[in-house]
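The block underneath contains the structure these notes are about, expressed in structure tokens.
The values are calculated or read from the model by the stated rules, or taken from the named source; none is laboratory data. Given the structure is predicted, the values throughout are model-derived calculations rather than measurements. Backbone-built Cβ (ideal geometry, glycine too); neighbour counts: all protein chains shown.
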Amino acid sequence: MHIVSVINYKGGVGKTTVTANIASELAWQGKKVLLIDTDAQASLTFSFVTPDEWDKDYKSNKTIKSWFDAISQGQEPPELSDFVITPKVVNQRLSRAGRGKIDLVCSHLGLINVDLDLALLLGGANMAASKRNYLKVHGQLRQAIAAIADDADYDIVLIDCPPNFNIVTKNAIVASEYILIPAKPDYLSTLGIDYLQRSVKELVRDFNEYSGPDESDSISPQILGVIFTMIQITSGQPIAAQRQFISQTKRLGVKTLENYFRENKTIFADAPQNLVPVVLNAYANNTHSEVVHEIEAVAAEFSDLLGGV
């Protein structure tokens with residue numbers, strides 16, 4: 001089972017679109033996928049369930065916030081599997097075709113406040129106690145996903161992270177083998193990539209230092225690569241202004257995926273309302289069909305980078 005966090009410090013870069021469509025294409029290929037939405041905006045959640053359904057069935061006690069709330073209250077968190085749902089519409093599409101499955105742990109708009117509560121648990125009477133609390137607070141999601149791995153047969157877990165480096169994000173990275181960075185090829189979206197790499201290295205260094213010599217407790221999440229989004233195509237390639245930032249990102253020494261998500265506000269904006277990501281739809285329009293083929297290529301390259309899913 002592979003565990004991948006999807007993150008960029010900059011919001012509005014298509015992070016949720018990337019997560020939802022890669023997950024859906026892998027499920028179409030017969031894989032069993034678990035999505036964990038840790039972004040308080042809950043965009044991934046509302047790509048698969050309606051706000052009314054979320055409000056009625058999941059808001060009060062079946063979101064990742066509810067799971068983290070138990071931790072912030074000093075309790076042992078429930079099994080993460082208790083918070084897993086199976087979105088109906090997308091799975092009906094997959095089931096009718098005899099394909100895989102998508103499960104989801106929903107987010108909550110109040111998740112933004114959880115970080116403050118978790119931070120209160122990081123103190124300690126001495127250095128040893130502080131280190132234990134640091135490991136406990138930052139390693140909870142890792143333990144919970146490991147428990148799910150023992151009970152479920154997921155091929156991959158994709159964690160949609162918020163556009164920051166708070167304790168919830170750190171939990172996701174500690175739990176992950178790999179990190180995928182969606183980015184628009186523009187100044188602001190690529191600006192934080194180098195800083196994100198440094199932040200991850202610092203987190204890994206601190207966590208491993210505090211965990212001590214036991215290698216089984218150490219972490220080593222790797223940057224899987226940068227996937228460019230909202231690409232504007234001319235003459236079969238990204239426009240010159242975007243090629244500049246793609247080249248600039250490659251000079252940072254980080255892997256960049258050869259395939260990308262092109263700009264198409266029409267179909268990407270409509271997909272969440274229909275609760276089925278773009279890649280699972282058939283389009284009569286040739287341009288829209290090309291977008292689907294490009295997403296399929298992204299998922300194939302993503303899978304290859306993981307060594308197969």
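In table form, for the structure just shown:
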quantity	calculated
When residues of the stretch 214-254 are limited to those that are under 23 Å from the mean Cα position of the chain (by Cα) and in a strand (DSSP E or B), the one farthest from Tyr134 (Cα to Cα)	Ile231
Test: Ser81 is of a type in the set (Ser, Thr, Tyr) and either more than 18 Å from the chain's Cα centre (by Cα) or part of a loop (DSSP other than H, G, I, E, B) (or both)	no
Pair list, Cβ < 6 Å and 6+ apart or interchain, from the stretch 108-129 residues that are on the phi > 0 side of the Ramachandran plot to residues that are surrounded by 11 or more Cβ atoms within 10 Å (Cβ to Cβ) and modelled with pLDDT under 80	none
Neighbours by Cβ (under 8 Å, 6+ apart or cross-chain): first from the stretch 73-91, touching a residue at least 24 places away in the same chain (Cβ under 8 Å); second surrounded by fewer than 18 Cβ atoms within 10 Å (Cβ to Cβ) and polar (S, T, N, Q)	Val89/Asn274
Residues (of a type in the set (D, E, K, R) and within 14 Å of Ile227 (Cβ to Cβ)) located in the stretch 264-295	Glu294
Residue that is farthest from Lys136 (Cα to Cα), among those in the stretch 185-207 that are modelled with pLDDT under 90 and among the charged types (D, E, K, R)	Asp186
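Matching residues to (1) buried (at least 21 other Cβ atoms within 10 Å of the Cβ); (2) part of a loop (DSSP other than H, G, I, E, B):
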{"residue": "Ala70", "(1), (2)": "no, no"}
{"residue": "Gly74", "(1), (2)": "no, yes"}
{"residue": "Val89", "(1), (2)": "no, no"}
{"residue": "Ser95", "(1), (2)": "no, no"}
{"residue": "Arg132", "(1), (2)": "no, no"}
{"residue": "Ile145", "(1), (2)": "yes, no"}
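Yes/no matrix, rows are residues, columns are (1) over 18 Å from Leu257 (Cβ atoms); (2) assigned to a loop (DSSP other than H, G, I, E, B):
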{"position": "Tyr154", "(1), (2)": "yes, yes"}
{"position": "Leu158", "(1), (2)": "no, no"}
{"position": "Asn171", "(1), (2)": "yes, no"}
{"position": "Val174", "(1), (2)": "yes, no"}
{"position": "Ile179", "(1), (2)": "no, no"}
{"position": "Pro182", "(1), (2)": "no, no"}
{"position": "Tyr195", "(1), (2)": "yes, no"}
{"position": "Ser199", "(1), (2)": "yes, no"}
{"position": "Asn208", "(1), (2)": "yes, no"}
